[in-house]
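Peer 1: Below is a structure I'd like to ask you about.
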Amino acid sequence: MSLIEIRKRSLTIETIHHEGGPVADTPLKLAAACAVIKNPYAGRYEPDLMPFMAELRSLGTLLAQELVDTLGKDNVEVYSKAAIVGVNGEMEHGAVWHEAGGWAMRAVLGEPKAMVPASKAVASAGYRLMVPLHYIHASYLRSHYNSMEVGIQDAPRPNEILFALVMGTGGRIHSRLGGLTKDKVSVHDGQR
């Protein structure tokens with residue numbers, strides 16, 4: 001029997017033309033794909049979460065592919081992942097997404113090297129979570145540090161988990177704070 005029972009999914013797309021300065025030649029697009037599932041361990045302690053984490057790879061692949069289909073694989077420059085666990089669960093029920101969601105995004109994007117940032121919380125339905133974003137090939141690319149809000153008005157219910165993946169097409173629209181630039185990324189170790 002599957003450990004994953006999806007109640008609903010959502011896809012949110014933000015198109016950013018400017019942040020008060022000049023209109024960008026190419027708008028920045030940020031997208032979040034979310035799935036709300038029944039928490040198979042709500043209300044009880046489960047010592048072995050590995051089967052759940054392994055099975056979540058399929059959900060991660062579904063959400064990651066939806067984002068790539070939405071933005072275009074070659075356009076994706078930033079990524080992240082998030083989990084909001086309903087109040088009958090625990091933080092560790094969201095932490096399973098680190099491997100499952102991160103693995104899925106790397107697989108569909110062609111194995112980028114930078115770590116996948118994350119955010120997670122245990123909270124009530126309607127909670128909104130700010131998710132950090134950064135460049136997929138180098139963690140220290142200051143121009144691409146950004147964030148996107150994720151959440152669904154009626155989720156997660158107490159016995160649910162909301163899992164989210166986020167991708168975007170570039171750095172901040174008016175980035176002008178110096179540091180390493182995209183054209184200078186050279187080490188290909190995920191750092192610089």
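Peer 1: Would you mention how many residues in segment 137-150 are in contact with a Phe, Trp or Tyr (Cβ under 9 Å, 6 or more places away or on another chain), surrounded by 22 or more Cβ atoms within 10 Å (Cβ to Cβ) and more than 12 Å from MET167 (Cα to Cα)?
Peer 2: So the answer is 1.
Peer 1: For residues in segment 75-88 being outside any helix (DSSP H, G or I) and open to solvent by 40 Å² or more (accessible area, probe 1.4 Å), which is nearest to PRO27 (Cα to Cα)?
Peer 2: Let us first name the residues in segment 75-88 that are outside any helix (DSSP H, G or I), namely 76-88.
Of the ones still in play, those that are also open to solvent by 40 Å² or more (accessible area, probe 1.4 Å) are 87-88.
Numbers: VAL87: 38, ASN88: 40 Å.
Out of the qualifying residues, it is VAL87.
Peer 1: Right, next: In segment 53-67, is there at least one residue being basic (Lys, Arg), in a loop (DSSP other than H, G, I, E, B) and either more than 23 Å from GLN153 (Cβ to Cβ) or in contact with a helix residue (DSSP H, G or I) (Cβ under 7 Å, 6 or more places away or on another chain) (or both)?
Peer 2: Narrowing segment 53-67 to residues basic (Lys, Arg): 57.
Okay, now just the ones that are also in a loop (DSSP other than H, G, I, E, B), so none.
The answer is no, given that none of the residues of segment 53-67 is basic (Lys, Arg), in a loop (DSSP other than H, G, I, E, B) and either more than 23 Å from GLN153 (Cβ to Cβ) or in contact with a helix residue (DSSP H, G or I) (Cβ under 7 Å, 6 or more places away or on another chain) (or both).
Peer 1: Within segment 100-136, which residues are buried (at least 18 other Cβ atoms within 10 Å of the Cβ), part of a loop (DSSP other than H, G, I, E, B) and in contact with a helix residue (DSSP H, G or I) (Cβ under 8 Å, 6 or more places away or on another chain)?
Peer 2: PRO112, VAL116, ILE136
Peer 1: Continuing with the same structure: Looking at segment 151-169 only, could you name the residues that are under 24 Å from GLY110 (Cβ atoms) and either part of a strand (DSSP E or B) or open to solvent by less than 10 Å² (accessible area, probe 1.4 Å) (or both)?
Peer 2: So in segment 151-169, the residues under 24 Å from GLY110 (Cβ atoms) come out as 163-169.
Matches in segment 151-169: PHE163, ALA164, LEU165, VAL166, MET167, GLY168.
Peer 1: Would you point out the residue of segment 137-150, among those that are under 16 Å from the mean Cα position of the chain (by Cα) and assigned to a loop (DSSP other than H, G, I, E, B), that is modelled with the highest pLDDT? Spell out how you get there, then give the answer.
Peer 2: Step one: filter segment 137-150 for residues under 16 Å from the mean Cα position of the chain (by Cα), giving 137, 139, 144-150.
This time we only want the ones that are assigned to a loop (DSSP other than H, G, I, E, B), so: 137, 139, 145.
On the way: HIS137: 94, SER139: 92, TYR145: 97.
Filtering segment 137-150 for residues that are under 16 Å from the mean Cα position of the chain (by Cα) and assigned to a loop (DSSP other than H, G, I, E, B), the one modelled with the highest pLDDT comes out as TYR145.
Peer 1: Here's a follow-up. Kindly list, by first and then second residue, each pair from a residue in segment 167-192 that is at pLDDT 90 or above to a residue that is part of a helix (DSSP H, G or I) and open to solvent by less than 50 Å² (accessible area, probe 1.4 Å), limited to pairs with Cβ atoms under 6 Å and residues at least 6 apart or on different chains.
Peer 2: Close Cβ pairs (under 6 Å, with a partner that is part of a helix (DSSP H, G or I) and open to solvent by less than 50 Å² (accessible area, probe 1.4 Å)) amount to MET167/LEU67; MET167/LEU71; THR169/LEU71; GLY171/SER143; GLY171/HIS144; SER175/SER143.
Peer 1: Restricting to segment 5-40, what's the tally of residues that are surrounded by 16 or more Cβ atoms within 10 Å (Cβ to Cβ), part of a strand (DSSP E or B) and in contact with a Pro (Cβ under 9 Å, 6 or more places away or on another chain)?
Peer 2: Final tally of qualifying residues: 3.
Peer 1: Separate question: Somewhere in segment 89-99, is a residue touching a helix residue (DSSP H, G or I) at 6+ places or on another chain (Cβ under 9 Å), in contact (Cβ under 8 Å) with a residue 40 or more places away in the chain, open to solvent by less than 10 Å² (accessible area, probe 1.4 Å) and not in a loop (DSSP other than H, G, I, E, B)?
Peer 2: Yes, segment 89-99 contains a residue that is touching a helix residue (DSSP H, G or I) at 6+ places or on another chain (Cβ under 9 Å), in contact (Cβ under 8 Å) with a residue 40 or more places away in the chain, open to solvent by less than 10 Å² (accessible area, probe 1.4 Å) and not in a loop (DSSP other than H, G, I, E, B).
The values are calculated or read from the model by the stated rules, or taken from the named source; none is laboratory data. What you see is a predicted model; the values in this text were computed from it and never measured. Cβ coordinates were reconstructed from backbone atoms using ideal geometry, including for glycine residues, and neighbour counts include every protein chain displayed. Each accessible area value is taken on the protein alone, full model and side chains, heavy atoms only, with ligands, DNA and RNA left out. Shrake-Rupley method; radii C 1.70, N 1.55, O 1.52, S 1.80 Å.
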